[in-house]
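Data block below; observations after.
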Amino acid sequence: MKKFLSFLIIILLFTCAKKEVPSSEVILARVGDKTISKQEFMARAEFTIRPNPFKDKYITLNNLITEKILALEAVNNSELEQNPYFQAQMDGIKEQAMREQLYYEEAFNKVQLDTNELKTEYTFSRREYELDFFSIHKDEIGQAVLAKIQSAPDSAQEIFNSLAQAGQMGHQIVKWKDPDFDQIHDALYSGPLKTDSIIGPLQLEEDNCIIMRVKDWKDYPLISGEDQQMRWNEVKEKVYRKKANKRWYAYIRGVMQGKQLEFNKETFDKLADLIREKTFNQNSRQADIEKGPNDQQSPELQLSQLEEIETMLALPLFTIDNQPWTVGDFKSLLMSHPLVYRTTDIHRRNFKKQFQYAIADLIRDHYLNQEAYAQKLDQHHTVKRTLSMWKDSYLSLHQRDKILRNALVTGNTDLERQTARRNYWDTYIDSLQNLYRKQIYINEEELAQIQLTSVDMYVTKPGVPHPVAVPAFPQITTSKNLDYAQKMK
C-alpha cells in the first residue's frame with residue numbers, strides 16, 4: 001500500500017487546492033510596476049523557513065517590498081537575465097505553472113458533483129478495513145490473474161489463497177482519510193464490501209498491481225453534528241479531486257493519442273549506462289541499494305558534466321510523433337525541465353526502465369506545454385505572477401551580491417568585517433527605499449487583518465520538475481519600518 005509520511009517537509013499539492021477566483025485577488029503592496037498580492041505574501045511567509053528575526057508581518061512585508069526594489073534595480077542591467085541557464089530555468093517554472101493552470105481549465109473547473117454519489121461515499125467513509133494484499137510487480141502476471149478471476153469469479157478466493165502460498169502476503173489497516181491511490185480508495189468506499197471479498201487486481205502504476213482481500217471491517221459512526229458536517233465537506237473535497245484527476249488523465253490520453261515513443265536502443269543504452277554510473281556510488285553497495293537519482297545530483301547536471309556526452313549530441317535518442325530527437329535535443333530540454341522519476345526505489349537493475357519512464361513523462365509535459373501555449377496560458381495572471389515571484393527573487397539576490405561585491409572592490413576593507421558589512425547594507429537599503437518611496441503603496445487595511453503563524457514549514461510539490469513551492473525568504477532587513485510607503489487608495 002502506498003503511504004505518505006510527513007516529517008519536517010510539508011507536502012502541498014496545488015492541483016488539489018480549491019478553485020481559483022482571479023477577480024478576488026487582493027493587492028497588498030505595489031512597487032513601481034510590480035505588485036505583491038495577499039496570496040503571494042501569505043505563501044512567501046508561510047511556505048518557507050523564516051528565521052526568528054523575520055517573523056513579524058511588518059518585517060516580512062518590508063523584505064518582500066525591498067526584494068521588488070532590488071529586482072527593479074537589476075532590470076536591464078543584469079548579466080543574470082542574459083544567462084541561458086537562468087532563462088531556461090525561468091521558462092521551466094513558467095511552463096510548469098502553465099500546466100498547472102491547464103489542469104484547472106481542462107479538469108478541475110469542469111467537475112460536476114453527483115449528490116447520490118456523495119451520499120454513498122459519506123456513508124462508507126465511516127468504515128475502517130483490515131486487508132490482506134499482494135503487490136504484483138509484473139504487469140503480465142497481474143493481467144493473467146485478473147483474466148482468470150473475470151472468467152471464473154467464484155475462483156477468486158482460491159486464486160488469492162494460491163498467491164498466499166506462493167509469496168509473502170501484506171496486511172494493512174485502511175481508513176477513509178488515508179492518502180492512497182484513487183483506484184484503491186474507489187474500490188473500498190464506493191459501495192458495501194463483505195468480509196472475504198476479493199478486490200482486484202488493480203493497476204496502480206505502470207508495473208505495479210495489487211490484489212486485496214477484506215479480512216474484516218468496522219464502522220465508526222460520527223456522533224456530533226460538527227463531525228458529520230466536517231466529514232461531509234471532506235467527502236465533497238475528495239470526490240471532487242478524484243473526478244478532476246480522472247478528467248485530467250483522460251485529457252492527457254487525448255493529447256498523447258497516436259503519438260508513439262520509440263527509443264534508439266543503442267544510443268539509449270549508452271546514455272543510460274553513462275548516467276547510471278554517474279548516479280550510483282560504485283564503491284558502496286549499500287548506497288546502490290538505498291539511493292536513487294532523486295537522492296543524488298540531478299541527471300541534467302550529470303549530462304553537462306560528462307565529457308563523453310559531447311560526442312553523442314548528434315546521435316538519435318528517440319522518435320516521437322514521427323519526429324526524431326537527438327541527445328542534444330534531449331539535453332536542451334533538460335535545462336528547463338529536469339527529469340522527474342516516478343519512484344525513489346531505484347537501483348542499478350531497474351535504472352534503465354525508470355530512466356525511460358522519466359523521459360516519457362518529460363515528453364508528455366512537452367506536448368502539454370504546446371496545448372497550454374495554444375490556449376495562451378502563458379498570459380494567465382496566475383502564471384505571470386508565479387514567474388514574476390521567482391524571477392524577482394533571483395534578480396534581487398544577484399543585485400545584492402553585485403552591490404556588496406562592488407563595495408568590496410572599492411577597497412573598503414572595513415566591509416570584510418560582518419558588522420561593518422551589515423551597517424553598510426542597512427544604510428544602502430534605507431537609501432533605496434527612500435529613492436523609491438513615491439512608487440511604493442501599501443494596503444494597510446488588509447495588512448492589519450493578516451495573522452501569520454510562527455510555525456516553520458518548507459512546502460514542496462511532489463512529482464514536478466520544479467518542486468519548491470516558493471523562493472527562499474529574502475533575508476534583507478530586520479527593520480519593520482514602512483514609513484517610506486504611501487497608503488494605497
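Brief remarks on what is shown
- Leu274 closer than 22 Å to Met335 by Cβ, of a type in the set (A, V, I, L, M, F, W, C) and modelled with pLDDT under 90: yes
- Residue ID - farthest from Ser162 (Cα to Cα), chosen from residues in region 124-149 that are touching a Ser or Thr at 6+ places or on another chain (Cβ under 9 Å) and surrounded by 17 or more Cβ atoms within 10 Å (Cβ to Cβ): Phe124
- In region 362-385, the residues that are farther than 15 Å from Tyr251 by Cα form Cβ pairs under 8 Å with partners that are assigned to a loop (DSSP other than H, G, I, E, B) and not basic (Lys, Arg), at six or more places apart or across chains, as follows: Leu362/His337; Leu362/Leu339; Leu362/Val340; His381/Glu25; Thr382/Glu20.
- Selection status of Thr35, modelled with pLDDT of 90 or more, of a type in the set (Val, Ile, Thr) and not in a loop (DSSP other than H, G, I, E, B): yes
- Each residue in region 150-172 was checked for being of a type in the set (Phe, Trp, Tyr) and either on the phi > 0 side of the Ramachandran plot or loosely packed, with under 13 Cβ neighbours inside 10 Å (or both), and 0 pass.
- Only one entry in Gly191, Gly200 is touching a residue at least 24 places away in the same chain (Cβ under 8 Å), closer than 17 Å to Leu131 by Cα and surrounded by fewer than 16 Cβ atoms within 10 Å (Cβ to Cβ), namely Gly191.
- For region 91-123, the set of residues classified as within 20 Å of Pro471 (Cβ to Cβ) and surrounded by 17 or more Cβ atoms within 10 Å (Cβ to Cβ) consists of Gly92, Ile93, Lys94, Glu95, Gln96, Ala97, Met98, Arg99, Glu100, Gln101, listed by residue number.
- Close pairs from region 234-262: first outside the structural domain of Ser190 (by TED's automatic domain parsing) and over 27 Å from Leu317 (Cβ atoms), partner surrounded by fewer than 18 Cβ atoms within 10 Å (Cβ to Cβ) and β-branched (Val, Ile, Thr), Cβ under 7 Å, at least 6 apart: Tyr240/Val111; Lys243/Val111; Ala244/Val111; Arg247/Val111
- Restricting attention to region 173-185, the residues that are more than 20 Å from Ala144 (Cα to Cα) and either surrounded by 15 or more Cβ atoms within 10 Å (Cβ to Cβ) or without any contact (Cβ under 8 Å) to a residue 40 or more places away in the chain (or both) total 7.
- Within region 113-149, the set of residues being of a type in the set (A, V, I, L, M) and not in a strand (DSSP E or B) comprises Leu113, Leu118, Ile141, Ala144, Val145, Leu146, Ala147, Ile149.
- Selected residue (criterion: farthest from Ile93 (Cα to Cα)) from residues of region 406-462 that are modelled with pLDDT under 90 and small (Gly, Ala, Ser): Gly411
- When Asp132, Asp114 are screened for being acidic (Asp, Glu), free of Cβ contacts under 8 Å to residues at least 60 places away in the same chain and over 30 Å from His381 (Cα atoms), only Asp114 passes.
- Of the helices (runs of 4 or more DSSP H) lying entirely inside region 296-405, those carrying at least 3 residues that are within 26 Å of the chain's Cα centre (by Cα) and at pLDDT 90 or above are 327-334, 351-374.
- Top-ranked residue in region 322-341 [being in contact with a strand residue (DSSP E or B) (Cβ under 8 Å, 6 or more places away or on another chain) and surrounded by fewer than 17 Cβ atoms within 10 Å (Cβ to Cβ); ranked as nearest to Phe280 (Cα to Cα)]: Asp329
- Residues in region 444-462 that are surrounded by 12 or more Cβ atoms within 10 Å (Cβ to Cβ) and closer than 26 Å to Ile49 by Cβ: 10 in all.
The values are calculated or read from the model by the stated rules, or taken from the named source; none is laboratory data. Computed from a predicted model, the values in this text were never measured in an experiment. Please note: Cβ atoms are built from the backbone with ideal geometry, for glycine as well, and neighbour counts cover all protein chains shown.
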